[in-house]
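Here is the structure we will look at.
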Amino acid sequence: MTYLFLIALAAAIALANIPCGYLRRGYGYLTYGWFFYAHLTIPVIVYLRMKIGCGWQLVPLAILCAIAGQMAGGALRSRHGAAGLTPLRAGQTAPAPGPGTIRPCRFSPPAQRTIS
C-alpha cells in the first residue's frame, strides 16, 4: 500500500466525520444524539478497511482521523453558533432581534377600502 493511498484514505475518513461532528455539537455531552453522531461513521470505516484488505495497522490512523474530523465539525458548529447561524430545531422560535439589527421587510397588500 502506498503512502498516497493512506493519505487519501485518512482524508476521506476525516471528511466523512466533519458533518457528524457538526451535528454532534448540537447535543448535550454524553446524550443519545451525541453518541449516535460520534459513532455513526465507525461501521463505514470498518467496512472500507475490510473491503480494501487493510490490516489492523490502519486502525490507529483511522481513529485519529475520525477524531480530527469530529473536532473540526464541532469547531465549525461553534463558529456558526457564535455568528448566530445555528439552525433552529423543531418547535424552537427565533430569538428577538436586538437593538440595531435590520429586520426583513414584509410587504402586505394595502387593505381594501369600500366606499359606502
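No value in this document is a laboratory result; all are computed from the given coordinates. Since the structure is predicted, the reported quantities are computational estimates derived from the model, not experimental observations. All Cβ positions, even for glycine, are placed from backbone atoms using ideal geometry, and neighbour counts span all protein chains on display.
Observations on the model:
- Within region 24-48, tally of residues that are in contact with a helix residue (DSSP H, G or I) (Cβ under 6 Å, 6 or more places away or on another chain) and either in a loop (DSSP other than H, G, I, E, B) or crowded, with 17+ Cβ neighbours inside 10 Å (or both): 8
- The residue pairs whose first member lies in region 1-16 and is surrounded by 12 or more Cβ atoms within 10 Å (Cβ to Cβ), whose second member is assigned to a helix (DSSP H, G or I) and among the basic types (Lys, Arg), and whose beta carbons are closer than 9 Å, counting only pairs six or more residues apart or on different chains, are Leu9/Arg49.
- Hits in region 33-59 (condition: within 20 Å of Ala75 (Cα to Cα) and either aliphatic (A, V, I, L, M) or without any contact (Cβ under 8 Å) to a residue 24 or more places away in the chain (or both)): Gly33, Trp34, Phe35, Phe36, Tyr37, Ala38, His39, Leu40
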